[in-house]
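Novice: The structure is given below, and queries will be raised subsequently.
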Protein chains: 2
Amino acid sequence: MRVGVLGGGQLARMLAIAGERIGVATTCLDPAPDACAGQVAKHICAAWDDPGALDALAAASDVVTFEFENVPPASLERLAPRVTVRPSAEALRVSADRLAEKNLFRALGSRTAEFAAIAQPSDADSAARAVGAPAILKTRHSGYDGKGQRRIGDAGELASAWRAAGSVPCILEAMVPFRREVSIIAVRGLDGALAFYPLSENTHRDGILHIAVSRPGDPLQAPAEAVATRLMEKLGYVGVLAIEFFDVDGELLVNEFAPRVHNSGHWSIEGAETSQFENHLRAVLGMPLGSTAPTGCAAMVNFVGQMPDAAEVLRLPGARLHAYGKAPRPGRKLGHATVLDSDPARCGQLAAQLAGLA
Amino acid sequence: MRVGVLGGGQLARMLAIAGERIGVATTCLDPAPDACAGQVAKHICAAWDDPGALDALAAASDVVTFEFENVPPASLERLAPRVTVRPSAEALRVSADRLAEKNLFRALGSRTAEFAAIAQPSDADSAARAVGAPAILKTRHSGYDGKGQRRIGDAGELASAWRAAGSVPCILEAMVPFRREVSIIAVRGLDGALAFYPLSENTHRDGILHIAVSRPGDPLQAPAEAVATRLMEKLGYVGVLAIEFFDVDGELLVNEFAPRVHNSGHWSIEGAETSQFENHLRAVLGMPLGSTAPTGCAAMVNFVGQMPDAAEVLRLPGARLHAYGKAPRPGRKLGHATVLDSDPARCGQLAAQLAGLA
């Protein structure tokens with residue numbers, strides 16, 4: 001079995017490592033010569049839209065998938081007649097456009113924050129009236145890890161903020177007084193089988209995920225699964241996806257979804273019977289899905305900008321270290337570690353110790 | 001951190017996969033162009049004793065280890081001045097010689113089956129008298145997976161069996177009426193720290209390990225740990241080793257040891273908090289050892305000669321498939337799968353289902 005991945009970062013790397021165990025050979029395409037997945041998988045080093053490279057990826061793969069949602073449409077068009085691509089181009093298209101994404105969730109009956117589109121200067125006033133302040137101005141396309149976002153404290157700031165954002169298509173989104181941020185990692189097989197991981201409770205630092213804690217038995221598990229089910233069935237989705245939510249007084253507001261494996265599901269490598277990476281491979285290859293049952297409470301801490309001393313992490317009881325083989329750089333995700341415990345309180349203590357090393 | 005491995009089979013492959021997660025880059029040396037570890041690690045394809053290849057391995061590695069015990073002494077001599085090798089040459093020397101191995105266990109106060117050395121034709125009579133019949137004639141060197149062994153039903157067969165074995169140095173070993181075969185996987189860190197996995201209970205088919213089941217809480221755990229402790233401390237051992245025993249009416253007789261990760265410890269990938277592969281890397285790199293605590297009862301089934309249908313294995317609840325990426329060939333270990341359950345009886349049922357697919 002051979003899987004191709006558009007992208008050669010840590011998500012592709014962890015897909016490749018999961019594949020090695022079950023006999024899946026991975027080839028990634030990434031323009032960066034030092035793409036970290038290239039250390040563990042075959043690496044085609046070329047531009048995203050290089051026709052020859054895309055043909056080589058198709059030839060090396062039974063199925064092609066991706067580790068990021070902003071795949072150039074031209075790349076998908078080149079691949080489509082040559083190899084099966086999963087998840088579908090439609091899932092990519094929706095998730096890469098905040099407006100289409102929010103409209104789809106609304107159409108599926110899921111709650112989101114109030115929002116309005118801004119495509120031209122004259123949209124600013126009506127958007128500000130509809131959404132109120134404070135609010136967040138987000139570019140419709142190409143945003144991740146807090147990039148492409150600006151906080152609007154007052155309606156008067158909106159026009160200049162939009163110009164500062166390059167006057168590209170944006171949405172203005174109401175700031176939500178959330179209690180916590182949670183995400184669900186879900187997977188749908190080629191046969192339509194569905195499986196869901198326990199909710200992950202996520203905290204961010206500088207706009208980047210810092211800690212994700214699994215919450216088996218969370219009271220919002222069922223409503224989150226319902227949102228994911230409607231989305232995956234609507235899209236005919238095959239593979240793993242992640243949906244991020246705000247928990248507002250015990251009610252879920254959808255924030256966004258990612259049509260891929262997701263940082264908030266890294267704890268599933270040790271904290272679930274089958275990791276999100278293996279289940280994504282199983283799904284896109286048309287294999288039976290693996291159990292997503294938790295093996296305990298798990299907490300993951302991201303290492304951003306620099307790695308802690310490996311020996312210090314390994315000395316923490318039960319800590320599982322993951323190093324992505326990337327050169328340090330401010331704001332760059334270099335690795336993570338996961339702690340596990342049957343008791344959520346002890347798991348939280350271990351996570352705090354781990355975060356102290358990060 | 002960079003580790004070199006002499007050998008590029010499935011043990012090197014699983015070491016490399018364990019290393020990828022924690023940021024250890026692996027280079028293996030193996031003369032086979034299709035060595036399966038080469039799919040997941042750098043591969044130097046050259047003869048075991050090729051001086052240039054050994055120098056390249058040393059240059060690519062902070063420490064060199066091995067996946068088999070019959071490393072040519074010339075290779076070790078070439079490596080020794082250039083790079084740290086762990087475990088030590090002394091551990092290799094003893095384990096590669098059944099006579100030295102048995103004598104060492106006896107000197108350490110551990111019981112073994114009765115045995116006698118045969119180096120020349122005139123040794124046959126006294127050996128037969130000392131050991132009795134039935135017995136097993138084993139070559140002193142180069143035996144594994146039942147190779148180099150002949151069953152002797154009667155003392156009169158010994159001389160011709162020895163000639164059939166090529167008249168090489170042998171030992172004659174009494175056949176032991178064992179209740180079961182068990183092994184212990186142990187690890188010793190650079191700082192002398194010791195850790196032990198739960199005993200593994202092993203059944204063989206055609207001389208090759210077929211099923212290994214973890215036995216947390218086995219009454220023979222403590223005596224097995226005592227044997228391993230004496231051996232590792234005597235040898236100043238660093239890394240993982242395996243000792244195989246016969247359980248004869250509740251008493252342990254040492255069979256042999258392997259100075260490396262071992263097939264009977266593959267269940268530790270899922271059945272223990274830290275796998276034997278990660279702990280071997282941690283030990284030889286001078287890192288703190290990880291917990292060897294069991295995560296439940298685990299059972300591993302080897303796939304020999306041909307792989308089962310992957311989808312059928314993945315459909316079994318909780319089965320974890322491992323495929324080594326090797327071409328099928330009779331008698332060749334191609335992969336394994338592990339099942340886990342908190343209840344030993346249910347674990348046994350799952351193992352039986354798995355064995356039905358093998």
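The values are calculated or read from the model by the stated rules, or taken from the named source; none is laboratory data. Treat the numbers as computed from the prediction; the structure is a model and nothing was measured. FYI the Cβ positions are ideal-geometry reconstructions off the backbone, even for glycines, and counts take in every protein chain you see. Side chains included, ligands, DNA and RNA excluded: accessible areas come from the protein's heavy atoms. Shrake-Rupley method; radii C 1.70, N 1.55, O 1.52, S 1.80 Å.
Novice: Out of all the residues in the range A:303-322, which are more than 11 Å from chain B (Cβ to nearest Cβ), closer than 27 Å to residue A:344 by Cβ and touching a Gly at 6+ places or on another chain (Cβ under 8 Å)?
Specialist: A:304
Novice: Considering only residues that are of a type outside the set (S, T, N, Q), outside any helix (DSSP H, G or I) and open to solvent by 30 Å² or more (accessible area, probe 1.4 Å), look in the range B:61-85 and name the one that is modelled with the lowest pLDDT.
Specialist: Step by step, filter the range B:61-85, then rank; the result is B:72.
To keep it simple, each residue is scored yes or no on (1) of a type in the set (S, T, N, Q); (2) free of Cβ contacts under 8 Å to residues at least 60 places away in the same chain.
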position: A:263; (1), (2): yes, no
position: A:285; (1), (2): no, no
position: A:292; (1), (2): yes, no
position: A:301; (1), (2): no, no
position: A:310; (1), (2): no, yes
position: A:322; (1), (2): no, no
position: A:336; (1), (2): no, no
position: A:356; (1), (2): no, yes
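Novice: Still on this structure, I have one more. Identify all residues within the range B:277-296 that are open to solvent by 10 Å² or more (accessible area, probe 1.4 Å), polar (S, T, N, Q), farther than 23 Å from residue A:19 by Cβ and within 11 Å of chain A (Cβ to nearest Cβ); write none if there are none.
Specialist: B:291
Novice: Filter the range A:90-109 for residues that are under 16 Å from residue A:235 (Cβ atoms) and either in the same structural domain as residue A:61 (by TED's automatic domain parsing) or among the basic types (Lys, Arg) (or both); which is surrounded by the most Cβ atoms within 10 Å (Cβ to Cβ)?
Specialist: Here the residue is A:102.
Novice: Ok, one more. Restricting the search to the range A:334-358, which residues are surrounded by fewer than 19 Cβ atoms within 10 Å (Cβ to Cβ) and at pLDDT 95 or above?
Specialist: Hits for the range A:334-358: nothing passes.
Novice: Identify all residues within the range B:194-216 that are open to solvent by 40 Å² or more (accessible area, probe 1.4 Å) and either among the hydrophobic types (A, V, I, L, M, F, W, C) or in a strand (DSSP E or B) (or both); write none if there are none.
Specialist: Correct list: B:194, B:201, B:203, B:204, B:205, B:215.
Novice: Restricted to the range A:1-33, and to residues that are touching a Lys or Arg at 6+ places or on another chain (Cβ under 8 Å), over 17 Å from residue A:266 (Cβ atoms) and more than 9 Å from chain B (Cβ to nearest Cβ), which residue is surrounded by the fewest Cβ atoms within 10 Å (Cβ to Cβ)?
Specialist: The extreme case among them is A:27.
Novice: For the range B:228-274, enumerate the residues that are in a helix (DSSP H, G or I), under 16 Å from the mean Cα position of the chain (by Cα) and of a type in the set (Val, Ile, Thr).
Specialist: B:269
Novice: Tell me whether the range A:117-126 contains one or more residues that are buried (at least 20 other Cβ atoms within 10 Å of the Cβ) and in a strand (DSSP E or B).
Specialist: Scanning the range A:117-126 turns up at least one residue that is buried (at least 20 other Cβ atoms within 10 Å of the Cβ) and in a strand (DSSP E or B).
Novice: Oh, and also: I'd like the full set of residues that are within 21 Å of residue B:272 (Cβ to Cβ), within 20 Å of the chain's Cα centre (by Cα) and either within 10 Å of another protein chain (Cβ to nearest Cβ) or polar (S, T, N, Q) (or both), limited to the range B:324-343.
Specialist: B:324, B:335, B:337, B:338
Novice: Okay, next question. With respect to residue B:245, is the statement that it is open to solvent by less than 20 Å² (accessible area, probe 1.4 Å) and within 30 Å of residue B:162 (Cα to Cα) true?
Specialist: Answer is yes for this residue.
Novice: Of the numbered conditions (1) over 26 Å from residue B:6 (Cα atoms); (2) within 11 Å of another protein chain (Cβ to nearest Cβ); (3) open to solvent by less than 20 Å² (accessible area, probe 1.4 Å), residue B:299 fails exactly one; give the number of that condition.
Specialist: Of (1) over 26 Å from residue B:6 (Cα atoms); (2) within 11 Å of another protein chain (Cβ to nearest Cβ); (3) open to solvent by less than 20 Å² (accessible area, probe 1.4 Å), only one is false for residue B:299: (2).
Novice: Now, a different point. Could you tell me which of the residues A:219, A:288, A:223 is over 24 Å from residue A:179 (Cα atoms) and not in a strand (DSSP E or B)?
Specialist: Exactly one residue qualifies, and that residue is A:288.
Novice: Report yes if some residue within the range A:252-261 is away from chain B (no Cβ under 14 Å), without any contact (Cβ under 8 Å) to a residue 60 or more places away in the chain and open to solvent by 40 Å² or more (accessible area, probe 1.4 Å); otherwise report no.
Specialist: no
Novice: Continuing with the same structure: Could you tell me which of the residues A:113, A:60, A:124, A:130 is touching an Asp or Glu at 6+ places or on another chain (Cβ under 6 Å) and of a type in the set (Gly, Ala, Ser)?
Specialist: A:113
Novice: Any idea which of (1) open to solvent by 20 Å² or more (accessible area, probe 1.4 Å); (2) within 10 Å of another protein chain (Cβ to nearest Cβ) is the one residue A:274 doesn't satisfy?
Specialist: Of the numbered conditions (1) open to solvent by 20 Å² or more (accessible area, probe 1.4 Å); (2) within 10 Å of another protein chain (Cβ to nearest Cβ), the odd one out for residue A:274 is (1).
Novice: Restricting to the range B:140-169, and then to whatever is touching a Pro at 6+ places or on another chain (Cβ under 7 Å) and in a strand (DSSP E or B), can you tell me which residue is most open to solvent (accessible area, probe 1.4 Å)?
Specialist: Applying the filter and picking the extreme gives B:151.
Novice: Would you check which residues across the range B:37-50 are under 13 Å from residue B:6 (Cα atoms) and part of a helix (DSSP H, G or I) and list them?
Specialist: Answer for the range B:37-50, where residues must be under 13 Å from residue B:6 (Cα atoms) and part of a helix (DSSP H, G or I): B:37, B:38.
Novice: For residue B:55, work out the one condition from (1) away from chain A (no Cβ under 14 Å); (2) crowded, with 21+ Cβ neighbours inside 10 Å it doesn't fulfil.
Specialist: In the conditions (1) away from chain A (no Cβ under 14 Å); (2) crowded, with 21+ Cβ neighbours inside 10 Å, residue B:55 misses (2) alone.
Novice: Quick one: how many residues across the range A:98-110 are over 15 Å from residue A:169 (Cα atoms) and in contact with a helix residue (DSSP H, G or I) (Cβ under 8 Å, 6 or more places away or on another chain)?
Specialist: Going through the range A:98-110 one residue at a time, the tally reaches 5.
Novice: May I ask you to verify whether residue B:311 is under 29 Å from residue A:293 (Cα atoms), among the small types (Gly, Ala, Ser) and modelled with pLDDT under 95?
Specialist: The answer is yes for residue B:311.
Novice: What tally of residues in the range A:21-42 results from selecting those that are in contact (Cβ under 8 Å) with a residue 24 or more places away in the chain and touching a Ser or Thr at 6+ places or on another chain (Cβ under 7 Å)?
Specialist: Final tally of qualifying residues: 2.
Novice: If you take the residues of the range A:36-52 that are in contact with a strand residue (DSSP E or B) (Cβ under 6 Å, 6 or more places away or on another chain) and open to solvent by less than 40 Å² (accessible area, probe 1.4 Å), which of them is nearest to the other protein chains (Cβ to nearest Cβ)?
Specialist: A:41
Novice: Follow-up. Condition first: within 21 Å of the chain's Cα centre (by Cα), in a strand (DSSP E or B) and crowded, with 19+ Cβ neighbours inside 10 Å. Now tell me which residues in the range A:170-193 satisfy that.
Specialist: The answer is A:170, A:171, A:173, A:181, A:182, A:183, A:184, A:185, A:186, A:187, A:188.
Novice: Moving on. How many of the residues in the range A:171-200 are out of contact with any Phe, Trp or Tyr (no Cβ under 6 Å at 6 or more places or on another chain), farther than 30 Å from residue A:292 by Cα and of a type in the set (A, V, I, L, M, F, W, C)?
Specialist: Of the residues in that region, 3 qualify.
Novice: Go through the range B:194-227 and give me each residue that's at positive phi and over 15 Å from the mean Cα position of the chain (by Cα).
Specialist: Of everything in the range B:194-227, those that are at positive phi and over 15 Å from the mean Cα position of the chain (by Cα) turn out to be B:206, B:217.
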